[in-house]
Amino acid sequence: MLGLALGAAVAVGAGATGYQSMAPTGQWFGRAFHGVSFRSQQTRSKQIALTFDDGPNDPHTLRLLEVLARHNVHATFFMIGRYAQQRPDIAAEVAKRGHIVGNHTFTHPLLTIKSTKRICEEITKCRAALSDAVGEHSNLFRPPWGARRPGVFRLVRQLGLEPIMWNVTGYDWNAPSADYIEQKVTRRVRGGAVVLLHDGGHVKFGADRAKTVQVVDRIISRYKAEGYEFVTVPEMMAIMGAST
């Protein structure tokens with residue numbers, strides 16, 4: 001009986017550990033900014049931060065930039081280094097328009113199964129590619145898939161970066177429609193939301209993100225009409241008093 005109980009406890013612990021390694025708001029494996037807890041008093045905030053992963057991407061990053069410009073909104077882009085190296089012109093355009101550029105590793109690996117040496121290489125190679133493309137950029141870092149294990153965020157900070165997660169996602173990487181993405185976002189958006197969307201795809205350059213572009217236009221129109229303000233991640237961190 002004791003053996004069964006111990007086995008069940010181990011299984012539960014393993015499941016919880018696995019969940020925390022991917023959970024965007026989980027803090028077991030190190031703190032990371034993910035917006036505001038929707039159960040906190042700060043949900044009276046009226047700020048939303050749009051973030052985009054896996055770019056730069058042609059043509060959808062550029063189309064997204066046009067939508068953001070039309071609404072006078074600035075966002076935060078976590079770029080894959082090899083894509084920034086491939087299309088530095090697009091990466092540079094993102095920065096030129098006043099958006100925040102962050103590090104999303106060089107090749108988008110699953111960090112939970114990579115060595116410390118490989119993680120360092122992924123981060124530093126991406127930083128170099130971004131520096132070549134856009135010059136000075138933010139110290140923000142987002143792990144691919146949000147995946148990390150104990151010590152990863154400590155390593156990230158040792159490299160001079162600040163880990164950033166999210167608390168709302170549109171599941172747009174394989175969404176069947178723009179309406180699906182919009183529903184996923186609007187069901188959870190509150191003040192203090194950091195919204196994860198994608199302007200590219202990690203599998204290959206040129207991913208179709210037309211649905212995401214459509215949804216961003218709708219989301220900004222809807223929430224601006226309700227009195228919300230769209231900010232970058234550093235702006236939200238400053239508002240919330242988080243360290244950068």
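The values are calculated or read from the model by the stated rules, or taken from the named source; none is laboratory data. Please read all numbers here as calculations on a predicted model, not as lab measurements. So basically every Cβ, Gly included, is an ideal-geometry build from the backbone, and we count neighbours across all protein chains shown. Note: accessible area is taken over every heavy atom of the protein model, side chains too, but ligands, DNA and RNA are not part of it. Shrake-Rupley method; radii C 1.70, N 1.55, O 1.52, S 1.80 Å.
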Would you mind finding the longest exposed-site-free stretch of the chain, with exposed GluC sites (Glu not before Pro) meaning DSSP loop and at most 12 other Cβ atoms within 10 Å? 1-135
Once the piece of chain linking residue 110 and residue 177 is laid out straight, how much longer is it, given 0.36 nm per residue of separation minus the C-alpha distance between them? 21.4 nm
Run the simple label-point estimate for residue 120 and residue 97 please: 7 Å along Cα→C-beta, distance reported in nm. 3.7
Using a 1.4 Å probe on heavy atoms of the protein chains only, the accessible area for residue 117 in Å², nearest 10, reads 140
Could you identify which residue out of 77, 106, 205 has the top mean-square fluctuation in a GNM of the chain using Cα springs shorter than 10 Å? 205
In degrees, nearest 10, the alpha-carbon axis of helix 210-225 is tilted away from the dominant principal axis of the alpha carbons of the chain by 80
Express the relative contact order of the range 63-124 as a whole percentage, based on alpha carbon pairs under 8 Å and six or more residues apart in sequence. 34
For 228, 223, what's the largest-to-smallest order of accessible area, 1.4 Å probe? 228, 223
Considering the zone a paramagnetic label at residue 240 would reach in this model (a point 7 Å from Cα along the Cα-to-Cβ line), which residues of the range 148-170 have amide N under 11 Å from it? 164-168
To the nearest 10 degrees, how steeply does helix 2-22 sit against the main Cα axis of the chain, on a 0 to 90 scale? 20
Each label sits 7 Å from Cα toward the beta-carbon; between residue 58 and residue 145 the label points are separated, in nm, by 2.9
To the nearest 10 square angstrom, what accessible area does residue 127 show with a 1.4 Å probe? 70
Residues with amide H under 5 Å of residue 53's amide H, sequence separation 5 or more or different chain, H placed in the peptide plane at 1.01 Å from N; which? 78, 197, 198, 199, 200
Summed over the other residues with a beta carbon less than 10 angstrom from that of residue 168, with K and R at +1 and D and E at -1, the charge totals +4
Mind checking which lysines have their C-alpha under 28 Å from residue 211, skipping anything on the same chain fewer than 8 residues away? 46, 96, 184, 224
Say we join alpha carbon atoms closer than 10 Å with springs in a Gaussian network model of the chain; which of 55, 135, 192 then has the biggest fluctuation? 135
Once a ≥ b ≥ c are taken as the square roots of the eigenvalues of the Cα gyration tensor of the range 77-184, is the result rounded (a/c under 1.5), prolate (a/b larger than b/c) or oblate (a/b not larger than b/c)? oblate
